[in-house]
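*Asks:* Below you will find the structure I want to go over with you.
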Amino acid sequence: MQPLPRSFYERHPAVVAPALIGKLLVRELDGELLAGRIVEAEAYSSEDPASHSYNGMTERNRAMFGLPGHAYIYFSYGMHHCMNVTSRLDTDAGGVLIRALEPVLGIETMRRLRGREKLTELTSGPGKLAQALAIDRALYGVDITEAGPLFVAEPAEPGTPVQVAATPRIGISKAVELPWRFVEAGSRFISCPPRR
DNA sequence: TCTCAGATTAACT
DNA sequence: GTTAATCTGAGAC
């Protein structure tokens, strides 16, 4: 399981986000490996009014202004954690929100952490996948380019090429027209199906 | 199957 | 004081 190199993240978030579709998000928890294929991701960059990094650096978002390839985790709506990987080009400050996974490893542990049985309800949303992988602010700023408690890796088997579709982002009120949500076409595991 | 409001914290005005 | 990169269960239909 080979982590993706730093250079992968030294690009604009709108380039990194579609490239992450089909990669593995890996969580090591108490010696057990939990992993899922990324099937949905959204790009946020500093010139984007919907991004937390739009209005400059704060205590919460400082990770997005740091080295690319780290975890930016924030607490949302008073109850959910959401996970981003930081990515940026030169002076940009941005990240990619991991919105949904296809469970691969440690599925029983995910079921226990989520209190749900159905495979499609384990990680089909940013708050859900954070709960399924036990991701919280203790992992803030973790380097995801080296094996550790949390990292992103190339899938063991290359498999078939991934079909990526671009759609408008979910749950935001600004810059709704930017097609910066990327999903694996036809996946059953994304947070909400593209409109037919 | 669909719509709706509650939960609960932190950032920002 | 208001809003937010969300999820869930309840009640309507």
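The values are calculated or read from the model by the stated rules, or taken from the named source; none is laboratory data. As the structure is a prediction and not an experimental result, all values here were calculated from the model. Here the Cβ positions follow ideal geometry from the backbone for every residue, glycine too, while neighbour counts run over all protein chains shown. Accessible surface is based on the protein model in full, side chains and every heavy atom, while ligands, DNA and RNA are left aside. Shrake-Rupley method; radii C 1.70, N 1.55, O 1.52, S 1.80 Å.
*Asks:* Identify, by number, the condition in (1) in a helix (DSSP H, G or I); (2) more than 16 Å from residue A:85 (Cβ to Cβ) that residue A:19 doesn't meet.
*Replies:* Result: residue A:19 passes all but (2).
*Asks:* Related question: For residue A:138, state whether it is away from DNA strand C (no atom under 14 Å from the Cβ), surrounded by fewer than 17 Cβ atoms within 10 Å (Cβ to Cβ) and closer than 16 Å to residue A:80 by Cβ. Don't jump to the end; show me each part of the working.
*Replies:* On the way: away from DNA strand C (no atom under 14 Å from the Cβ): yes; surrounded by fewer than 17 Cβ atoms within 10 Å (Cβ to Cβ): yes; closer than 16 Å to residue A:80 by Cβ: yes.
So residue A:138 passes the test.
*Asks:* Out of A:93, A:50, which single residue is in a loop (DSSP other than H, G, I, E, B), open to solvent by less than 30 Å² (accessible area, probe 1.4 Å), of a type in the set (A, V, I, L, M, F, W, C) and within 8 Å of DNA strand C (Cβ to nearest atom)?
*Replies:* Numbers: A:93 fails: within 8 Å of DNA strand C (Cβ to nearest atom).
Criteria check complete, one pass: A:50.
*Asks:* Could you look through the stretch A:99-121, keep only residues that are within 9 Å of DNA strand C (Cβ to nearest atom) and touching a Gly at 6+ places or on another chain (Cβ under 9 Å), and pick out the one that is nearest to residue A:39 (Cα to Cα)? Spell out how you get there, then give the answer.
*Replies:* Applying the first criterion (within 9 Å of DNA strand C (Cβ to nearest atom)) to the stretch A:99-121 yields A:99-100, A:114-116, A:121.
Next, from what is left, pick out any that are touching a Gly at 6+ places or on another chain (Cβ under 9 Å): A:99-100.
Values: A:99: 8, A:100: 6 Å.
Restricting to residues being within 9 Å of DNA strand C (Cβ to nearest atom) and touching a Gly at 6+ places or on another chain (Cβ under 9 Å), the top hit is A:100.
*Asks:* When you scan the stretch A:64-79, do you find a residue that is surrounded by 24 or more Cβ atoms within 10 Å (Cβ to Cβ), outside any loop (DSSP other than H, G, I, E, B) and near DNA strand C (Cβ under 10 Å from one of its atoms), even just one?
*Replies:* Yes: the stretch A:64-79 contains one or more residues that are surrounded by 24 or more Cβ atoms within 10 Å (Cβ to Cβ), outside any loop (DSSP other than H, G, I, E, B) and near DNA strand C (Cβ under 10 Å from one of its atoms).
*Asks:* Only one residue in A:61, A:84, A:55 is within 15 Å of DNA strand B (Cβ to nearest atom), at pLDDT 95 or above and either open to solvent by 10 Å² or more (accessible area, probe 1.4 Å) or not aliphatic (A, V, I, L, M) (or both). Which one? Break it down into steps so the answer makes sense when it comes.
*Replies:* Values: A:61 fails: at pLDDT 95 or above; A:55 fails: at pLDDT 95 or above.
Testing whether each residue is within 15 Å of DNA strand B (Cβ to nearest atom), at pLDDT 95 or above and either open to solvent by 10 Å² or more (accessible area, probe 1.4 Å) or not aliphatic (A, V, I, L, M) (or both) leaves just A:84.
*Asks:* Based on what the data block shows, is residue A:102 among the acidic types (Asp, Glu) and open to solvent by less than 70 Å² (accessible area, probe 1.4 Å)? Let's see the steps before the verdict.
*Replies:* Values: among the acidic types (Asp, Glu): yes; open to solvent by less than 70 Å² (accessible area, probe 1.4 Å): yes.
Against the criterion (among the acidic types (Asp, Glu) and open to solvent by less than 70 Å² (accessible area, probe 1.4 Å)), residue A:102 qualifies.
*Asks:* Let me ask something additional. Collect the residues in the stretch A:145-196 that are within 15 Å of DNA strand C (Cβ to nearest atom), among the β-branched types (Val, Ile, Thr), surrounded by 14 or more Cβ atoms within 10 Å (Cβ to Cβ) and assigned to a loop (DSSP other than H, G, I, E, B), keeping them in residue-number order.
*Replies:* The answer is A:170, A:172, A:190.
*Asks:* While we're here: Which of the residues that make up the stretch A:99-125 are away from DNA strand B (no atom under 16 Å from the Cβ), outside any strand (DSSP E or B) and out of contact with any Ser or Thr (no Cβ under 8 Å at 6 or more places or on another chain)?
*Replies:* Step one: of the stretch A:99-125, the residues away from DNA strand B (no atom under 16 Å from the Cβ) are A:99-113, A:117, A:119, A:122-123.
Still in the running and outside any strand (DSSP E or B): A:106-113, A:117, A:119, A:122-123.
Across the stretch A:99-125, the qualifying residues are A:106, A:107, A:108, A:109, A:111, A:112, A:113, A:117, A:119, A:122, A:123.
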